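As structure tokens, the structure follows; a few thoughts come after it.
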Amino acid sequence: MNRRHYRDLTPTFADRSQWALPTVLRHHAAERPDAVWLDCPEEGRTWTFAETLAAAERVGRSLLAHGAEPGDRVALVAQNSSAFVRTWVGTAVAGLVEVPINTAYEHDFLAHQVSTVEATFAVVDDVYAARFVAIAEAAKSIRKFWVIDTGSRDEALATLRRAGWDAAPFEELDEEATSPEVVEATLALPEVRPQDLASVLFTSGTTGPSKGVAMPHAQMYFFADECVSLVRLTPADAWMSVTPLFHGNAQFMAAYPTLVAGARFVTRSRFSASRWVDQLRESRVSVTNFIGVMMDFIWKQERRDDDADNPLRVVFAAPTAASLVQPMKERYGIEAFVEVFGLTETSAPIISPYGEDRPAGAAGLAADEWFDVRLVDPATDEEVAVGEIGELVVRPKVPFICSDGYFNMPDKTVEAWRNLWFHTGDALRQDEEGWFYFVDRFKDALRRRGENISSYEIETSILAHPAVVECAVIAVPASSEAGEDEVMAYVILGTGESAPTPEELWAHCDSRIPSFAVPRYLRFVDDLPKTPSQRVQKAKLRALGVTPDTCDREARA
């Protein structure tokens, strides 16, 4: 059988020399100057493409006037807002490098990222200013802060100035560049090329210190254009994202695609399952994206007669809860669910075709016109047979559509890109037709009674229980010799449902999970250890092992 591939991607900008944000923004500012691009309902304000370009150039010129040079890094620690977006596009047109940092980071986490990129300037919400004072030594490369006002700006400015830093209100970036002196000082904004570094986005750091992924402009553009193809985005669409802009899911997989396609981008500060449908209507949203358990949270909302009365056309879910796709389509009137498998380092080498019913659990097909994609034995790098589980490795066929490496981490770069392939650490399998299926992170995979088990698939099945809000599945040592692993599930229950007994939850698993994969151990908890980017730290759970309050199915039987 000939394996299928994803062949639907035709770049919006055919000339690869145009694959840079300043070029894309200037194109749309000329072609559709009065069309709205940035829509911030919580601020009651919109920006057209022409207004966005003007704001970007003001911010960019201000940064250059303060001594920034192309290639310098600008740390950005802020919640979703127009100021965040204007800083991002402003750094791009000035040839600077945006470094968005998770707003949950402080102390060692923040110090590691700021010192790794050696940031020259920083734009921060006022509520995060004091965190930099606490890591002053690690942040000594920062020359000046601009502070976004969320209610305590004056206090934040005073705190930074007492610590010896130059600090000013964010408005200075947007206003100062209008003065003739600044325009004259900066002369012209630099030419920004596709191969120039655009951003450094940090990994979540679940297995060690987070790594800064160096993303050239061409990669940022290409990842965004893949999403344009994925959802069939047009200038008539509006894409709403409620995930943080410091993550790629919102920035180059939601905001940037609308910039490429000439569509409208709607950003909100946070996810609200109860308000989700109302927000679709209020902002006339045709495209949106889910991550993690958002899809499950929305499904578990009380059903309303007008759920389907909304303009939503397509949902980009990563991952997709396969059992909910058809019910969600019918309940909310959604035309399509789409998915990709990609990483910040690689863009998306695996994409699902629009509107096509996928096999259950399938993430998509290889975009083989743009990437070489293989599944290999992680110990030997030899390709595995079709149907077998292997580590996904990727390399680009076109220049600069993947990361340049980990910023200031040459040893980690060499390790990940060994044998000239990027090693994802993800376990996948591929069927005869060409569909790829995510199995697990290799470090999180389990093996019981001779069978390989995906913790991800078990978690998905347990989450289908209406009382379960969150769960994490790990391997614990088997009690019998050569018994490989036993399966253990940590479970968080919601407050609005009657709590199931362990036996009821095991019965739920029996109906959905192969017998060899049903968890022997259940532990009910109120929370899970997580990184600041909200990734579960499974290594900490494995270190705890089987605790006295763990329910053992064999013992109870």
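The values are calculated or read from the model by the stated rules, or taken from the named source; none is laboratory data. Quick caveat, the model's predicted, so the values are computed rather than measured. Cβ coordinates were reconstructed from backbone atoms using ideal geometry, including for glycine residues, and neighbour counts include every protein chain displayed.
If a residue has to be of a type outside the set (D, E, K, R) and assigned to a helix (DSSP H, G or I) to count, how many in segment 64-114 make the cut?
Total satisfying the criteria: 20.
Would segment 268-282 turn up any residue that is aromatic (Phe, Trp, Tyr) and closer than 27 Å to Ala83 by Cα? It would help to see each step written out before you state the result.
Going residue by residue through segment 268-282, those that are aromatic (Phe, Trp, Tyr) are 271, 276.
Now drop any that are not closer than 27 Å to Ala83 by Cα, which leaves 271, 276.
The answer is yes, given that some residue of segment 268-282 is aromatic (Phe, Trp, Tyr) and closer than 27 Å to Ala83 by Cα.
Scan segment 265-294 residue by residue and report those that are under 20 Å from Cys471 (Cβ atoms) and assigned to a helix (DSSP H, G or I). Give the derivation first.
Start the filter on segment 265-294 by keeping residues that are under 20 Å from Cys471 (Cβ atoms), which leaves 271, 273, 290-294.
Within segment 265-294, Met294 is the sole residue that qualifies.
With respect to Ala385, determine if the residue is under 22 Å from Val231 (Cβ atoms) and of a type in the set (A, V, I, L, M). Before the answer, list the steps.
On the way: under 22 Å from Val231 (Cβ atoms): no; of a type in the set (A, V, I, L, M): yes.
No; evaluated as a whole, the condition is false for this residue.
Suppose we keep only residues that are closer than 30 Å to Glu459 by Cβ and among the acidic types (Asp, Glu) within segment 383-410. Which one would you say is surrounded by the most Cβ atoms within 10 Å (Cβ to Cβ)? Quick ask: steps written out before the conclusion?
Initial filter on segment 383-410 (closer than 30 Å to Glu459 by Cβ): 383-394, 402-403, 406.
If we keep only those that are among the acidic types (Asp, Glu) as well, we get 383, 388, 391.
Details: Glu383: 13, Glu388: 12, Glu391: 20.
Only one residue tops the list, namely Glu391.
What residue, among those in segment 247-271 that are over 24 Å from Thr10 (Cα atoms) and at pLDDT 95 or above, is surrounded by the fewest Cβ atoms within 10 Å (Cβ to Cβ)? Let's see the steps before the verdict.
Step one: of segment 247-271, the residues over 24 Å from Thr10 (Cα atoms) are 247, 266-271.
In the following step, the residues that additionally are at pLDDT 95 or above were identified as 266-268.
Details: Val266: 27, Thr267: 26, Arg268: 18.
Per the stated criteria, the residue is Arg268.
Which one is modelled with the lowest pLDDT among residues in segment 109-137 that are small (Gly, Ala, Ser) and either outside the structural domain of Ser82 (by TED's automatic domain parsing) or surrounded by 19 or more Cβ atoms within 10 Å (Cβ to Cβ) (or both)? Reasoning before the result, please.
Kept after step one, since they are small (Gly, Ala, Ser), are these residues of segment 109-137: 111, 115, 119, 122, 129-130, 134, 136.
Keeping just the survivors that are either outside the structural domain of Ser82 (by TED's automatic domain parsing) or surrounded by 19 or more Cβ atoms within 10 Å (Cβ to Cβ) (or both) gives 111, 119, 122, 129.
Working: Ala111: 91, Ala119: 98, Ala122: 98, Ala129: 98.
In this case the residue turns out to be Ala111.
Take the conditions surrounded by 18 or more Cβ atoms within 10 Å (Cβ to Cβ) and hydroxyl-bearing (Ser, Thr, Tyr) and apply them to Ser347. Does it pass?
Details: surrounded by 18 or more Cβ atoms within 10 Å (Cβ to Cβ): yes; hydroxyl-bearing (Ser, Thr, Tyr): yes.
For Ser347, the condition - surrounded by 18 or more Cβ atoms within 10 Å (Cβ to Cβ) and hydroxyl-bearing (Ser, Thr, Tyr) - is met.
Tell me yes or no: at least one residue of segment 396-408 is more than 22 Å from Ala366 (Cβ to Cβ), in a helix (DSSP H, G or I) and of a type in the set (Ser, Thr, Tyr).
At the first step, the residues of segment 396-408 found to be more than 22 Å from Ala366 (Cβ to Cβ) are 404-408.
From the residues that got through so far, the ones that are in a helix (DSSP H, G or I) too are none.
Within segment 396-408 (the criterion being more than 22 Å from Ala366 (Cβ to Cβ), in a helix (DSSP H, G or I) and of a type in the set (Ser, Thr, Tyr)), the answer is no, since none of the residues qualifies.
Suppose we filter Arg281, Arg270, Arg264 for residues that are closer than 25 Å to Asp125 by Cβ and either in contact with an Asp or Glu (Cβ under 9 Å, 6 or more places away or on another chain) or aromatic (Phe, Trp, Tyr) (or both); which single one remains?
Values: Arg281 fails: closer than 25 Å to Asp125 by Cβ; Arg270 fails: either in contact with an Asp or Glu (Cβ under 9 Å, 6 or more places away or on another chain) or aromatic (Phe, Trp, Tyr) (or both).
None of the others qualify; the one that does is Arg264.
Which condition number does Val192 fail, the rest of (1) part of a loop (DSSP other than H, G, I, E, B); (2) surrounded by 24 or more Cβ atoms within 10 Å (Cβ to Cβ) being met?
So Val192 meets the others, but not (2).
Report those strands (runs of 3 or more DSSP E) wholly inside segment 303-373 carrying at least 3 residues which are under 20 Å from the mean Cα position of the chain (by Cα) and at pLDDT below 95.
Values: elements: 314-318, 336-338, 340-343, 347-351, 362-366.
Filter on segment 303-373 gives 340-343.
Sort through Phe297, Phe252 and tell me the only one that's under 23 Å from Leu53 (Cα atoms), out of contact with any Leu (no Cβ under 6 Å at 6 or more places or on another chain) and either among the hydroxyl-bearing types (Ser, Thr, Tyr) or part of a helix (DSSP H, G or I) (or both). Show your work before the answer.
On the way: Phe297 fails: under 23 Å from Leu53 (Cα atoms).
After ruling out the rest, the residue left standing is Phe252.
So which of Leu312, Leu343, Leu365, Leu392 ends up being under 27 Å from Pro216 (Cβ atoms), touching a Leu at 6+ places or on another chain (Cβ under 8 Å) and of a type in the set (A, V, I, L, M, F, W, C)?
One residue alone meets the criteria, Leu392.
Only one residue in Ala35, Ala78, Ala65, Ala30 is of a type in the set (A, V, I, L, M, F, W, C) and out of contact with any helix residue (DSSP H, G or I) (no Cβ under 7 Å at 6 or more places or on another chain), so which one is that? Can you show your working first?
Details: Ala35 fails: out of contact with any helix residue (DSSP H, G or I) (no Cβ under 7 Å at 6 or more places or on another chain); Ala78 fails: out of contact with any helix residue (DSSP H, G or I) (no Cβ under 7 Å at 6 or more places or on another chain); Ala65 fails: out of contact with any helix residue (DSSP H, G or I) (no Cβ under 7 Å at 6 or more places or on another chain).
Only one candidate qualifies: Ala30.
Please specify each residue of segment 206-241 satisfying the condition of being over 20 Å from Ala367 (Cα atoms), in a loop (DSSP other than H, G, I, E, B), touching a helix residue (DSSP H, G or I) at 6+ places or on another chain (Cβ under 8 Å) and at pLDDT 95 or above.
Scanning segment 206-241 gives Thr234, Pro235, Asp237.
Specify the residue that is modelled with the highest pLDDT; the eligible residues are those in segment 480-498 that are over 19 Å from Lys538 (Cα atoms) and surrounded by 13 or more Cβ atoms within 10 Å (Cβ to Cβ). Talk me through it step by step, then tell me what you get.
Of all residues in segment 480-498, those over 19 Å from Lys538 (Cα atoms) come to 480-483, 494-498.
With the extra rule that they be surrounded by 13 or more Cβ atoms within 10 Å (Cβ to Cβ), the set shrinks to 494, 497.
Numbers: Gly494: 86, Glu497: 63.
It comes out as Gly494.
Among the residues of segment 514-557, what is the count of those that are aromatic (Phe, Trp, Tyr) and modelled with pLDDT under 90? Give the steps one after another, and end with the answer.
Initial filter on segment 514-557 (aromatic (Phe, Trp, Tyr)): 516, 521, 524.
Keeping just the survivors that are modelled with pLDDT under 90 gives 516.
Residues that pass the stated criteria total 1.
Limited to segment 232-246, what total is found for residues that are surrounded by 18 or more Cβ atoms within 10 Å (Cβ to Cβ) and either farther than 15 Å from Met294 by Cα or among the β-branched types (Val, Ile, Thr) (or both)?
Within segment 232-246, the first condition is being surrounded by 18 or more Cβ atoms within 10 Å (Cβ to Cβ), and the residues that meet it are 233, 237-246.
Pick out the ones that are also either farther than 15 Å from Met294 by Cα or among the β-branched types (Val, Ile, Thr) (or both) and you get 233, 237-239, 242-243, 245-246.
The qualifying residues number 8.
Can you go through Arg143, Arg162 and tell me which one is basic (Lys, Arg), over 24 Å from Glu69 (Cα atoms) and either surrounded by fewer than 21 Cβ atoms within 10 Å (Cβ to Cβ) or out of contact with any Leu (no Cβ under 9 Å at 6 or more places or on another chain) (or both)? Even if it seems obvious, please write down each step before you answer.
Values: Arg143 fails: over 24 Å from Glu69 (Cα atoms).
Criteria check complete, one pass: Arg162.
Any idea which residue in segment 1-50 is farthest from the chain's Cα centre (by Cα), counting only those that are loosely packed, with under 15 Cβ neighbours inside 10 Å and among the small types (Gly, Ala, Ser)?
Looking at residues that are loosely packed, with under 15 Cβ neighbours inside 10 Å and among the small types (Gly, Ala, Ser), I get Ala30.
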